[in-house]
Amino acid sequence: MKYFSILFAGAFVNSVGTGLSAFALAIYMFQTYGTASSVMLVELCSFAPIVLFAPIAGVLADRFDRRIMMILGDGGSVGGLLIVIAAVSSDHPDIKLICLGIVASSCFAALTEPALRASVSDFVGPDGYVRASGMLQLAASSKYLISPLLAGFLLPAVGLRALLLVDASTCLVTVGCSLVVRKAAGSTSGGAEEEGFMSQLLAGWRAVASRRNVRIVLGLMTMAVFVIGFLQTLLKPILLPYVGTTTEGTVETIASVGMFAGAAVVGMAKNARPAALLAAGMLGAGAAMTLLPIRPVAWWAAAAGFVLFASLALCNAGAEVIIRSSIPNEQQARAWGTIGMVSQLGYVAAFVLAGPLADKVFEPLLRTDGPLAGSVGMVFGTGQGRGTALLVTAMGIALVGVAAAVHAKRADIVRGTEDFSAHGKAGDC
């Protein structure tokens with residue numbers, strides 16, 4: 001656990017930096033272009049490369065030293081950030097160059113995630129999987145927990161370029177942590193270097209497809225990710241017409257504190273059934289997402305967001321324990337690469353659809369003279385951002401439906417993990 005804790009510290013710092021850039025760039029795009037689609041473009045450029053390269057990154061992390069993969073990923077992403085800094089420093093910023101820099105940074109960052117997740121099995125025993133899952137969630141959530149509050153105050157004071165430079169410096173911190181672990185613990189990979197690259201790439205698909213419980217969880221998580229992607233893209237267009245940049249950052253930070261609460265619950269519920277965690281998390285997240293957009297008030301959004309993030313912690317822990325307890329260590333990285341690509345295609349689909357649906361379909365419905373102004377508008381209100389709020393609420397209701405599907409499939413999910421543990425390949429959940 002000691003070596004994993006060092007990697008966790010680096011991932012935590014890097015996640016804060018990533019969150020600073022993401023928040024600042026989203027605000028920059030919305031203030032410059034004034035549409036949900038412009039915010040979506042930044043999100044799409046950030047996520048699509050990570051999704052598409054995830055299987056390849058997983059194979060590389062099983063084939064070569066996982067710490068080297070993390071060093072290359074974090075170090076290389078700095079180059080992309082420098083391109084973005086150069087673009088926004090111009091008197092006439094080129095949106096194509098900004099997107100190019102984001103894509104380049106994300107392509108390198110794709111190398112990091114499968115290697116970091118697989119490192120859990122390198123340094124942590126089965127009885128520590130739930131705790132390690134909570135730590136990974138804490139690192140990932142820092143971009144929502146700490147970054148929006150910092151960015152909300154810092155962006156008006158120091159500007160976009162300064163926050164991008166901070167992000168680049170945090171990548172170097174992560175590189176340092178990976179170097180320390182590699183020097184102390186030595187080289188570690190999945191041990192499958194005798195196989196061909198394409199064989200390993202296909203093995204990631206086989207590791208997932210050959211296990212029914214993993215297929216079920218992956219399908220359900222992909223649907224959930226698709227729904228959550230709408231909120232991630234549309235939260236700022238919903239609130240920014242009614243609150244300022246600093247308040248927006250504060251709301252997002254308060255909401256993200258819920259991840260701490262959820263992680264604490266996960267940590268105390270070591271013996272909880274992973275399928276129960278998954279179902280409860282999705283149900284809570286769906287209910288919170290349904291209610292969050294109804295009122296464009298800071299305290300309401302923060303409270304609903306708190307419940308949402310707490311629920312996501314339960315959801316993520318349940319899914320991760322199920323998958324980790326079903327797949328051997330030597331296949332972990334490639335499997336996580338495949339899982340990451342498939343599940344996060346839900347994000348990509350949401351980012352592609354959310355902006356046009358909000359701007360072209362739902363926003364006109366709740367204009368002051370829109371067709372739903374006299375009915376649904378009595379609940380949601382009318383004007384800028386209200387049609388977008390209606391879209392997010394509809395997606396929240398859909399997530400409640402996904403939770404019902406998890407509950408219906410719980411027996412198949414549990415049977416898969418028990419079968420794997422019975423053969424001595426993983427510890428109890």
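Is it fair to say residue 399 is crowded, with 23+ Cβ neighbours inside 10 Å, in contact with a Gly (Cβ under 6 Å, 6 or more places away or on another chain), in contact (Cβ under 8 Å) with a residue 60 or more places away in the chain and under 20 Å from residue 291 (Cα atoms)? Yes.
Considering only residues that are assigned to a loop (DSSP other than H, G, I, E, B) and closer than 16 Å to residue 181 by Cα, which ones fall in region 45-89?
64, 65 - these are the residues of region 45-89 that are assigned to a loop (DSSP other than H, G, I, E, B) and closer than 16 Å to residue 181 by Cα.
With respect to (1) over 26 Å from residue 272 (Cβ atoms); (2) open to solvent by 60 Å² or more (accessible area, probe 1.4 Å), the lone exception for residue 407 is condition (1). Among the residues of region 354-375, those identified as assigned to a loop (DSSP other than H, G, I, E, B) and not acidic (Asp, Glu) are 366, 367, 368, 370, 371, 372, 373, 374, 375.
Condition first: over 26 Å from residue 254 (Cβ atoms), modelled with pLDDT under 85, open to solvent by 30 Å² or more (accessible area, probe 1.4 Å) and of a type in the set (S, T, N, Q). Can you find one or more residues in region 370-384 that meet it? No, the conditions are met nowhere in region 370-384. Pairs linking a residue in region 217-246 that is part of a helix (DSSP H, G or I) to a residue that is open to solvent by less than 30 Å² (accessible area, probe 1.4 Å) and of a type in the set (Ser, Thr, Tyr), with Cβ atoms under 7 Å and 6 or more positions apart or on different chains, are 218/343; 221/343; 222/343; 225/343; 234/388; 237/388; 238/388. Does residue 280 qualify as being of a type outside the set (Val, Ile, Thr) and open to solvent by 30 Å² or more (accessible area, probe 1.4 Å)? Yes; evaluated as a whole, the condition is true for this residue.
The values are calculated or read from the model by the stated rules, or taken from the named source; none is laboratory data. Everything numeric here is computed off the predicted structure, so don't read it as measured data. Please note: Cβ atoms are built from the backbone with ideal geometry, for glycine as well, and neighbour counts cover all protein chains shown. Heads up: the accessible areas ignore ligands, DNA and RNA and are worked out on the full protein's heavy atoms, side chains in. Shrake-Rupley method; radii C 1.70, N 1.55, O 1.52, S 1.80 Å.
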